[in-house]
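Engineer: Got a structure for you, questions after.
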Amino acid sequence: MAQATRTAAGVVRKAAGTGGRRTIWQTVWRDRQLWIMILPAIVVIFLFNYVPMYGIQLAFRDYDFTKGLTGGEWRGLHYFRQFIDSYLFWDIMRNTVTISLATILLGFPAPIILALILNQVRWKRGKKVLQTVVYMPHFISIVVLVGLLNVLLSPNTGIVGYLLRSMGYEVNLLASTTAFVPVYVLSDIWQHCGWNSIIYLAALSTVDPQLYDSAKIDGAGKWQMIRHIDLPAIAPTIVILFILSMGGVLTTGFEKIFLMQNTLNLPVSEVISTYVYKVGILSNQFSYSAAIGLFNTVINFFFLVATNYIARRVSNISLW
Amino acid sequence: MGWMLRKRSAGDALFDLLIAVACVFVFLIVAYPLYFVVIASVSDSTMVATGKVWVWPRGFSLFGYSEIFGDTRIWRGYRNTVLYTTLGTFVNLLFTLPAAYALSRPEFRARRWLMFLFVVTMFFNGGLIPTYLLIKGLGMTNTIWVFIFPFCVNVYNLIIVRTFFETSLPRELYEAAAMDGCGHFRFFWSVALPLSKAVVSVIGLYYAVGHWNDFFTALIYVRNNDLQPLQIVLRDILLSNQVFQSGAGTGGDAGGYAQRYADQVKYGVIIVSTLPILLVYPFIQKYFEKGVMIGSIKG
Amino acid sequence: MKRAWSLFLAILLAASALAACSGGKNDNGGDGSSGGSAEGDAGRRVKLTAIMIKHALTKPLSEMEWLQAAEERAGVDIEWEEVTADWDQKKGALLSAGDIPDLIIGPNAITDADIAMFPGLFQDLRDLIESHGPNVRRMFEEKPETRVLATQTDGSIYGLPKYQRYWPATATRQYINKEWLDRLGLEMPTTWDELYDVLVAFKEQDANGNGDPNDEIPMDFAPVGTGGFGFFHPTVLLGSTGITLTNGSGQGYFMEDGVVKNFFVDERYKRVVQFLAKCFAAGLINPEVFTQDYTKFQAVARGEGDIAKVGFTWGWEVTDRFGNTLAPQYVSMPPLKETADSDVQVSWDYSYEALNYGVNMVVMSAKSKNKEAAMRFINELYDPIVSMQVLFGSIGPNIKDNGDGTYEVLPPADPNMDPGTWKWTSTWADNGPMYISDDLQLTLGTDMQSVGAQTEPLMPALNAIDKENDVLPTMFIKFTPEDNSTMALNNTNLMNLAMAKFSQWITSGGIEKEWDGYVKEAERTGLPQNLEILQRYVDEYKRNR
């Protein structure tokens, strides 16, 4: 290794001398400090993420314990076909996409709006209290969250049920197929909006206060300041996070949906992750679960790459 | 001119009013369920379940808390979790921040394909079994290292930091520094990091909360009771009080004894497990003060 | 480019080589400690490792006196890992890495499917039972069905079963509020129509006498899961139509005259659903019955002080269901007839086997270094006196030895605690391997006695069941992994359809219109295939008996 760097150093000097086109080694040498900075991350990612990746082939093989993970009979796309042909396939795909798209459409803008609002609060104490309060629900475990929903939304005894009844709506929010997605999404926003707004608040803190002052002198109202100063400041973060969230079109939380499921909302609440849990736990379907997981992943990744491409074209901001 | 001023301030007043209304609305919506968790943790569970508890605790009792704190494992759990969280977060930042800096430099040629390779790992993984075999092979099972090193670079967080570095460090800044003979190491340490306290504290918080809430690592990789973190202990307590929900179905006898307090424990556990990490937030909040970064450059 | 790669790879290889070294060292250390002392070593106990899947309430194993004594008698010293939660998640990694301790103990902790999926991981115990397992042999001789439970299709024995003798023939008992009946001057109902009238009276009048005629819930039942029915569900009404449920028949399968059927596509199930829908439409069933969780289901029945809220429901035991205050108001009720002129022999849910037997309670690692010692310990657990303590707790604090060969289960030390909780707290209870011999003379605690008494009204129906031809023997059947997974996949489909329809029909009606289409749809879920598979296994099981 020492040898390699020494020769590389030589190459750089020579190249610099001749003024020719830089080779790979020259750029590596030039960026050697950057390489050293990123090397630990590369090692960790390679070791813990890439090394076990051979396990992906399980989706194409039978699981055979005696022959090891990679020794089972090659089944090609058998398990993928089994999933696509399965009785519930279209139902669970529709449910999964509905829930995750609703989560993205409503859940994504919410923390941005919250951060912009918080950023406008001038009463410092109040702002701090509010900020801390909205951040807390993130720490409520899903079991407790669903327990809370059951208690508060109960049509007979819950406070939300009571409020709805007093406004003349006689509905059981826990029982209807139409209310399931809104309840899921809104409770998700309730829980994570404050937490997710933190990153936008951090981005907003980098805005130079002088910009506001000069905008004020130019006669800009508060709306305009948000539009022309705040939003541009957090735009790159918004775009990046949006790309990432589009990589989750087929991802829904497992535990929450599973716990919220009841026989009345089952037609809209069975999603890929709960289905995998049910078939996987019931009968050790390692290969089948792996195939469904991979199917999921490929579609998610496709959406991520596509969104990334569009973002790159439109805004010149992208993941890579 | 005077007319315009008045109009503008009228608009701004309306705006301020809207903001105030929105804040009160958000506060009430978020705070009531939180308050409910607190009163439910000291009320009779039967009354909670039947909707008798709305504003004040009823059937007051501290049974849930005495149950939680009566478990001796909880203090060891706290100690372990604090250790894993501080050490783990330190290692996370040590690995993530420099990497994010490198990836944010436009002149770094390899950044695009490295980033791509990193992003791939957010989606594709080999599954639990090969990962378990690897970590076992590395001799990390049943050690504290399994909480620290595996997956210590979270690509999501890496991307956030990188984006932040890209947008908040003016490009001219490095060029100017490089003229003065400042390398990347020094620039990172004495310019980039101090300018990015906000994002460093956010990512530190993300990592810390991740460690704090993590029970899966312990569940799969740790069999030694002395190494169990708080979340595993609390999960056990929680489950031992929820068993009556399924106990009867498995042909045993469900008891009425703990039934009355099952939910007390459920809500109490949330409070016990999150209070310490909640207390961290106000300390890092100050880094989000408007303009605090800019001030530090000038200062 | 190439060189950059090779440099990169070299570093990584070096890193992983280092890692591999440390891994190897660790393995050796592990082997050494689990090897323990040699067997012949007098006075020293053999070290073993074990996982116990215990109930979340159960106290630490080190505090169980009977267990310490049993280990000592077997000459072993066991390092226990106590698992209370998430065993299924943990198990996958442990088994596929082959990383298991000498013993794994717990109710079906290692399933037949696991044994089939991980060949070579578990020890075939046949020879060890012959040489070191007299108590296990005794169980097999006295209760031959336990041998059937233990034996795989190829004759090997990996997991040992349990027999706990004292549990009733059904898990579900039917309760009605006698005080309400008396207050309103009503007779105990005997048919569906009479039940309907009684429930209407409960609803319309102030049955609990607190002055509010609207706070009574005439009927309630346990939350219905998305994966099928369980105990305490209205499916027991199928008994009125002559269907015998086996162990709750969660996914609908039952047997009638030796033929395997599924009630989800049976006309009689349609009639039960129609009856329930009629009740629901009339406001007789708790409107939250499909959305409440188990806590609330139990809490509601505990009423307010001495004011009861629920009129008619199902449960395990009366004090468990209604709490000590309200329990005296309720009585256990015999099964209903469908109509007054029905001449069908009524039946009930028969769950004697599920309650009294269990499979794969203990398995041994094939890699264990001390198989004889491990077997000695297992054998110790199946000693009738030890088994009794596995189930109810140590002699001394939990069980009284009367000195004349008879024993008595003691009431809880804490008078506020119920006997069930006491048992689960003190010992492995139902989660342990055990053989409660039929000659054991043990007086049970009050909880078990009252369960027995409350089962009495159901006994005529339970006794009338033709156990040969009307009880589905699935518990005693071992399926091949292929059939097992086929059935599981089909059942997931079927439950998705059927459970959703069940609740939808009850809450909003429509069964008359949709029934035919639903039956056709159920065929598509793979139900006929499952019936065919089950029938094949049942026929074979009967031939071999």
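Read the figures in this text as sums done on the coordinates, not as results from a lab. As the structure is a prediction and not an experimental result, all values here were calculated from the model. So basically every Cβ, Gly included, is an ideal-geometry build from the backbone, and we count neighbours across all protein chains shown.
Engineer: Based on DSSP H runs of at least 4 residues, each adding -39500 (n - 2.57), what is the mean residue ellipticity at 222 nm of chain B after dividing by all its residues, to the nearest 500 deg cm²/dmol?
Structural biologist: Working: 16 runs with 208 residues, N = 299.
The helix-only estimate for chain B comes to -22000 deg cm²/dmol at 222 nm.
Engineer: Roughly speaking, what is the stretch gain from B:L278 to B:S9, that is 0.36 nm per residue apart minus the C-alpha to C-alpha distance, in nm to one decimal?
Structural biologist: Values: separation 269, 0.36 × 269 = 96.84 nm, distance 3.81 nm.
Working it through step by step, the gained length comes to 93.0 nm.
Engineer: Now for a different question. What is the dipole size for region C:252-383, taken about its Cα centre, with +1 at each Lys and Arg Cβ and -1 at each Asp and Glu Cβ, in debye to the nearest 20? Mind showing how you got there, number by number?
Structural biologist: Details: 14 positive and 18 negative charges, 98 e Å.
Charge dipole of region C:252-383: 480 debye, to the nearest 20.
Engineer: Determine ³J(HN,Hα), in whole Hz, for all residues of region B:158-163 in sequence, where each value follows from phi through the Karplus function 6.51 cos²θ - 1.76 cosθ + 1.60 and θ = phi - 60°; x replaces Gly and Pro.
Structural biologist: Using θ = phi - 60°, the values come out as 4, 5, 4, 5, 4, 4 Hz.
Engineer: Pull up all non-local amide H partners of C:K337: gap of 5 or more, or a different chain, and H-to-H distance under 5 Å with H placed in the peptide plane.
Structural biologist: Amide H to amide H, under 5 Å and 5 or more residues apart or across chains, C:K337 pairs with C:T191, C:W192.
Engineer: Take every Cα pair under 8 Å in chain A that's 6+ residues apart, average their separations, divide by the length, and report that relative contact order as a whole percent.
Structural biologist: 23
Engineer: Which of rounded, prolate, oblate describes region C:330-474, given a ≥ b ≥ c as roots of the alpha-carbon gyration tensor eigenvalues and a/c under 1.5 marking rounded, otherwise prolate only if a/b is larger than b/c? It would help to have the intermediate numbers written out before the result.
Structural biologist: On the way: a/c = 2.66, a/b = 1.50, b/c = 1.77.
Here region C:330-474 falls in the oblate category.
Engineer: Going by amide H atoms built from the backbone, whose H comes under 5 Å of the H on C:I78, apart from near neighbours?
Structural biologist: C:L48
Engineer: Further, regarding this structure: Hey, what do the phi angles of region A:84-99 turn into as Karplus ³J(HN,Hα) couplings, whole Hz, using 6.51/-1.76/1.60 and θ = phi - 60°, x for Gly and Pro?
Structural biologist: For region A:84-99, the Karplus curve yields 5, 7, 5, 3, 9, 3, 5, 4, 6, 5, 4, 5, 4, 5, 4, 5 Hz.
Engineer: Taking amide H atoms as placed 1.01 Å from N in the peptide plane, list the residues 5 or more away in sequence, or in a different chain, whose amide H sits under 5 Å from that of C:Y350.
Structural biologist: C:L245, C:T246, C:N247, C:G248
Engineer: Across region A:191-196, in residue order, what do the Karplus-derived ³J(HN,Hα) couplings come to in whole Hz, using 6.51 cos²θ - 1.76 cosθ + 1.60 with θ = phi - 60° and x for Gly and Pro?
Structural biologist: 6, 10, 4, x, 4, 5
Engineer: Using unit Cβ charges (K, R positive; D, E negative) and no other charged atoms, how large, in debye to the nearest 20, is the dipole of chain C about its Cα centre?
Structural biologist: Working: 48 positive and 78 negative charges, 360 e Å.
Using Cβ point charges on Lys, Arg, Asp and Glu, chain C gives about 1740 debye.
Engineer: Please give, to one decimal in nm, the separation of the simple spin-label points placed at C:I477 and A:K67, each 7 Å out from Cα toward the Cβ.
Structural biologist: 3.0
Engineer: Okay, moving on. Treating only the Cβ atoms of Lys and Arg (+1) and Asp and Glu (-1) as charged, compute the dipole magnitude of region C:198-260 about its Cα centre; round to the nearest 20 debye.
Structural biologist: Values: 1 positive and 8 negative charges, 58 e Å.
It works out to roughly 280 debye.
Engineer: Please give the helix C:527-544 orientation as an angle from the longest Cα principal axis of chain C, in degrees from 0 to 90, rounded to the nearest 10.
Structural biologist: Helix C:527-544 and the main axis of chain C meet at about 70 degrees.
Engineer: Per the helix-only calculation at 222 nm, which mean residue ellipticity applies to chain A, given -39500 (n - 2.57) for every DSSP H run of n ≥ 4 and division by its residues, nearest 500 deg cm²/dmol? If you can, show how the numbers build up before the last one.
Structural biologist: On the way: 17 runs with 218 residues, N = 320.
Using -39500 (n - 2.57) per qualifying helix, the result is -21500 deg cm²/dmol.
Engineer: Which value in deg cm²/dmol, rounded to the nearest 500, describes the helix-derived mean residue ellipticity at 222 nm for chain C, given -39,500 (n - 2.57) per DSSP H run of n ≥ 4 and division by the residue count? Provide the component values of the computation, followed by the final result.
Structural biologist: On the way: 21 runs with 242 residues, N = 545.
It comes out at -13500 deg cm²/dmol, rounded to the nearest 500.
Engineer: Moving on. When all alpha-carbon pairs of the protein assembly as shown are counted, what percent fall beyond 59 Å? Before the final figure, lay out the partial values.
Structural biologist: Details: 123908 of 676866 pairs.
Above the 59 Å cut-off, the protein assembly as shown has 18 percent of its Cα pairs.
Engineer: How much FRET efficiency would the formula 1/(1 + (r/R0)^6) give for A:K124 and B:T86, where r is the Cβ-Cβ distance and R0 is 22 Å, rounded to 0.05? Display every interim value, and only then the final one.
Structural biologist: Numbers: r = 29 Å, r/R0 = 1.33.
Efficiency, from the Cβ-Cβ distance: 0.15.
Engineer: Which whole-number percentage describes the relative contact order of chain C, with Cα contacts under 8 Å and a sequence gap of 6 or more? Mind showing how you got there, number by number?
Structural biologist: On the way: 916 pairs, mean separation 123.0, N = 545.
Normalised by residue count, the contact order of chain C is 23 percent.
Engineer: Let's test this: bin the Cα-Cα distances of region A:156-296 at 10 Å from zero up to the farthest pair and state each bin's percent.
Structural biologist: 9, 24, 23, 21, 16, 6, 1
Engineer: Rounded if a/c is under 1.5, else prolate if a/b beats b/c, else oblate: with a ≥ b ≥ c from the C-alpha gyration tensor eigenvalues square-rooted, which is chain A? Write down the numbers at each step before the final one.
Structural biologist: Numbers: a/c = 2.57, a/b = 1.13, b/c = 2.28.
Oblate.
Engineer: Right, another one. I'd like the antiparallel share, as a percent to the nearest 5, of DSSP beta bridges with both residues in the protein assembly as shown. Could you put the intermediate results ahead of the total?
Structural biologist: Working: 26 of 48 bridges.
Taking every DSSP beta bridge with both residues in the protein assembly as shown, the antiparallel ones total about 55 percent.
Engineer: What does the extension gain come out to for C:R183 and C:E130, with contour length at 0.36 nm per residue minus their alpha carbon separation? Intermediate values should be presented prior to the final figure.
Structural biologist: Details: separation 53, 0.36 × 53 = 19.08 nm, distance 6.40 nm.
Here the answer is 12.7 nm.
Engineer: To continue, here is another question. By how many degrees, between 0 and 90 and to the nearest 10, does the Cα long axis of helix C:87-96 differ from the longest principal axis of chain C?
Structural biologist: Helix C:87-96 sits roughly 30 degrees off the main axis of chain C.
Engineer: Does region A:18-87 classify as rounded, prolate or oblate by the C-alpha gyration tensor (a ≥ b ≥ c root eigenvalues; a/c under 1.5 gives rounded; else a/b over b/c gives prolate, otherwise oblate)? Don't skip to the end; give the middle numbers.
Structural biologist: Numbers: a/c = 3.68, a/b = 2.75, b/c = 1.34.
The shape class here is prolate.
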